[in-house]
Amino acid sequence: MKGYHGRFLNVDLNTNTLSDMPLDEDLLKKYVGGATLAAKLINGHIQQGMDPLAPESPLVFAAGPMTASTIPMVSRYAVCGISPLTGYWGEATSGGAFPFRLKQAGYDGIFITGKAGKPVYLYLDDGNAELRDAADLWGKDIYEAQEKLKAAIGRPNLGMALIGPAGEQLAKTAGVMNDAGRTAGRCGLGALMGSKNLKAVVATGKRRAEVADPERMRELTKEASTAIRQSIMAPALREYGTLMYTDLGMTLSDVPVKYFQKSVFPAAKLTGQALRQKYTVENFACMGCPIGCGREVKNFREGLDHVDGPEYETVIAFGPLCMNFDFDSIIEANYLCNAHGIDTISLGVSIAYAMYLYEKGILTKEKAGMEITWGDGPTIVKLVDMSIRQEGIGKLISQGTRKMAEAFGRDPSEAAQVKGMEMAMHDARAFTGMALSYATGPRGACHLKGDYYNVEIGSMVMEYNILPGDRFDSVGKAEMVAKYQNWKDLFDSLTLCKFAPYTPTLVCQIINALTGWDYTPEMLLETGERSIAVKRIISNKLGLTREEDKLPKICLEALKEGGSADKIPDMDLMLKEYYAYRKWDWETGKPAKEQLIALGLDEEAADIYA
């Protein structure tokens with residue numbers, strides 16, 4: 001087997017048992033790695049009505065065939081399981097050094113079940129693994145825990161993925177952090193990790209998966225590097241990070257403001273340029289990446305010399321969405337989220353919802369224990385801290401907008417979420433393709449499983465005929481959205497950064513040079529469709545129906561300002577076209593049995609149609 005080590009580590013925390021889980025090459029050809037392989041492995045353990053936080057609920061860390069190879073922009077990994085936030089399929093990805101270290105430790109991933117009797121961490125070192133006591137780490141923040149682990153292990157080149165106090169206290173918006181401020185943030189998988197009393201996964205080693213064609217890999221590494229250098233996005237990301245999009249996004253009405261009720265704001269206050277002008281900013285690059293889109297703010301304030309980030313999604317969530325244009329409070333909130341391990345997107349949306357409810361008189365000063373008004377930066381920081389500590393109104397806010405709506409007896413469509421996961425910081429009214437992607441994506445309102453706004457501003461995929469059009473058109477958009485979801489879903493299987501400017505042909509050539517297979521762009525797209533189908537099946541088994549393939553009303557009311565004024569996507573039309581293209585059953589929301597069989601998912605078809 002080439003490109004892989006051919007094994008996962010199987011961890012049973014109930015019995016503290018560690019064993020090898022061999023991977024068959026035919027299985028890898030069908031599911032590749034990362035989140036797709038994780039979905040296949042997890043599906044066999046899913047039972048209807050399963051509690052995401054039950055000991056038997058699986059947690060998977062997974063790399064892919066490209067991870068730790070010479071190809072740039074491949075230091076990614078996936079964390080997967082049933083989402084504590086949504087109750088459906090959950091996945092999150094992150095970059096940094098940890099993905100390389102996981103693969104170099106001699107494993108393609110880790111499959112974890114059970115619950116340890118006391119806090120533990122998992123240590124992987126050159127093909128060996130052991131569970132170690134983590135009592136002295138429990139309660140420590142991300143930065144403190146990593147320093148203690150480095151001192152205790154005393155080895156260089158350690159990669160760490162761990163939870164902070166938010167995950168330990170089972171906040172449903174908790175993420176899994178790695179390498180300082182990197183986060184697999186969405187779906188609340190930090191709570192799943194915390195429910196298992198697992199504080200951290202630490203990995204190191206020098207093992208490399210054997211490559212099928214080393215000479216061809218050298219050539220393809222040069223081709224990939226050239227593609228990055230020629231990309232018009234690379235220099236902008238290097239200079240300004242993901243905040244390069246703020247002013248363009250505002251022009252397009254793609255940046256949500258005042259809890260999705262507005263789209264115009266003083267964008268110049270929160271751009272990448274503004275960050276550089278006000279603070280000392282340095283770049284952060286994931287291992288093997290020549291771009292370095294990450295930000296590090298130096299000398300932020302007395303007692304806090306270094307803050308990882310903030311990135312675009314975080315700035316908008318704690319900024320315009322809350323009518324807050326004070327960078328200091330945004331960076332402070334971001335630091336707290338990084339240090340304590342909580343998703344900045346879901347938490348920012350939930351705080352904005354609290355402000356919305358307060359303005360309407362639903363959430364009062366007496367109920368909240370404080371005033372919660374638009375644009376109050378210090379209050380935003382306080383609510384982040386309370387959410388992390390599970391104190392007062394913060395405990396409810398940390399559970400997400402759907403739980404907040406339930407608690408206050410509000411219409412669920414007022415909660416800015418899809419399937420329980422909060423909307424990301426791209427407005428569904430600005431691009432109809434984005435609206436459809438939000439409504440149908442495998443993990444809820446995700447801007448990465450199909451970032452269709454990028455297609456409409458020029459990042460086309462010509463080999464699949466995914467081309468820009470009128471961003472407000474609804475007719476005929478569904479097929480391209482579905483194909484684009486298939487394509488982008490594969491990035492989390494391979495694992496590959498979403499910013500990598502690689503064509504399907506180049507990706508296939510890399511896979512083939514790594515593995516010795518004969519993948520084609522057509523096979524690649526089918527694998528993406530298979531990935532979407534398996535994840536859909538998991539959510540169907542957990543109770544998902546077509547009724548949840550929709551956007552909340554708060555995100556569909558026509559705006560009266562900006563570039564998308566009076567524009568609303570025709571969701572019914574697009575969903576019907578989408579279901580027809582995917583061959584999903586309109587009544588049940590399940591993939592059709594014959595379509596599953598056509599994708600080689602015979603066992604899954606028999607299971608879901610039993």
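Bear in mind that the values in this text are calculations on the coordinates, not laboratory data. Here the structure is a predicted model, which means the values were calculated and not measured. Cβ placement follows ideal geometry from the backbone for every residue including glycine, while neighbour counts extend to all protein chains displayed.
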- line: Computed on Cα atoms, the radius of gyration and Dmax of region 7-204 in angstrom are 15.1, 44
message: So for region 332-441, averaging the separation of alpha carbon pairs under 8 Å that are six or more residues apart and normalising by length, what relative contact order in percent results?
response: 24 percent
- line: Taking placed amide H atoms and a strict 5 Å upper bound, the residues 5 or more places from Trp584 or on another chain that come that close are Ala592
- prompt: For region 427-608, what does the alpha-carbon gyration tensor say about shape, rounded, prolate or oblate, given a ≥ b ≥ c as the root eigenvalues, a/c under 1.5 as rounded, and a/b over b/c as prolate?
  reply: oblate
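Tell me, in nm to one decimal, what length is gained between Met233 and Leu556 on full extension, where the rule is 0.36 nm per residue of separation less the Cα-Cα distance?
113.3 nm
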field: Inter-label distance for Arg208 and Lys367, nm, one decimal - labels placed 7 Å from Cα along Cα-to-Cβ
entry: 6.0 nm
task: Determine the relative contact order of region 253-409: mean sequence separation of Cα pairs under 8 Å and six or more apart, normalised by residue count, in whole percent.
output: 18 percent
- prompt: Rounded to the nearest 0.05, what FRET efficiency do Ala135 and Thr15 have when you use their Cβ-Cβ distance and R0 = 22 Å?
  reply: 0.70
- prompt: For Asp427, which sequence-distant residues (separation of 5 or more, or a different chain) have an amide H within less than 5 Å of its own amide H, given hydrogens modelled in the peptide plane?
  reply: Val255
message: I'd like the distance between the alpha-carbon centres of region 274-316 and region 166-182, rounded to an integer number of Å.
response: 19 Å
field: Under 5 Å, built H, 5+ apart or other chain: amide partners of Arg295
entry: Phe284, Gly309
- line: To the nearest 0.05, the calculated FRET efficiency linking Leu304 and Gln277 through their beta-carbon distance, R0 being 25 Å, is 0.80
- prompt: Where does the chain land on the Kirkwood hydrodynamic radius, alpha-carbon pairs, in angstrom?
  reply: 23.9 Å
task: Enumerate the aspartates and glutamates that Lys541 could reach by cross-link, defined here as Cα to Cα under 20 Å, with residues fewer than 8 away along the same chain left out.
output: Asp51, Glu56, Glu91, Glu529, Asp549, Asp585, Glu587, Glu594, Asp602, Glu603, Glu604, Asp607
task: Treat every Asp and Glu Cβ in region 427-608 as -1 and every Lys and Arg Cβ as +1, leave all other atoms uncharged, and give the resulting dipole magnitude about the Cα centre to the nearest 20 debye.
output: 360 debye
task: For each pair in Lys196/Lys590; Lys30/Lys488; Lys262/Lys488, compute the distance between the two Cα atoms and list the pairs where it is over 19 Å.
output: Lys196/Lys590; Lys262/Lys488
- line: Dipole check, the chain, charges on Cβ (K,R +1; D,E -1), about Cα centroid: among Ile232, Ala339, Trp517 the Cα furthest to the positive pole belongs to Ala339
query: How far is the Cα center of region 545-604 from the Cα center of region 492-519, in Å?
result: 28 Å
- request: Exposed loop trypsin sites (Lys or Arg not before Pro) only (DSSP loop, at most 11 other Cβ atoms within 10 Å): please give the longest stretch of the chain free of them, not including the sites.
  value: 1-205
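So, R0 is 56 Å and r is the distance between the beta-carbons of Thr520 and Lys269; what FRET efficiency does that work out to, to 0.05?
According to the calculation, E is roughly 0.70.
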query: Do the sum for the chain: with -39,500 (n - 2.57) for every DSSP H run of n ≥ 4, divided by all residues, what is the mean residue ellipticity at 222 nm, to the nearest 500 deg cm²/dmol?
result: -11500 deg cm²/dmol
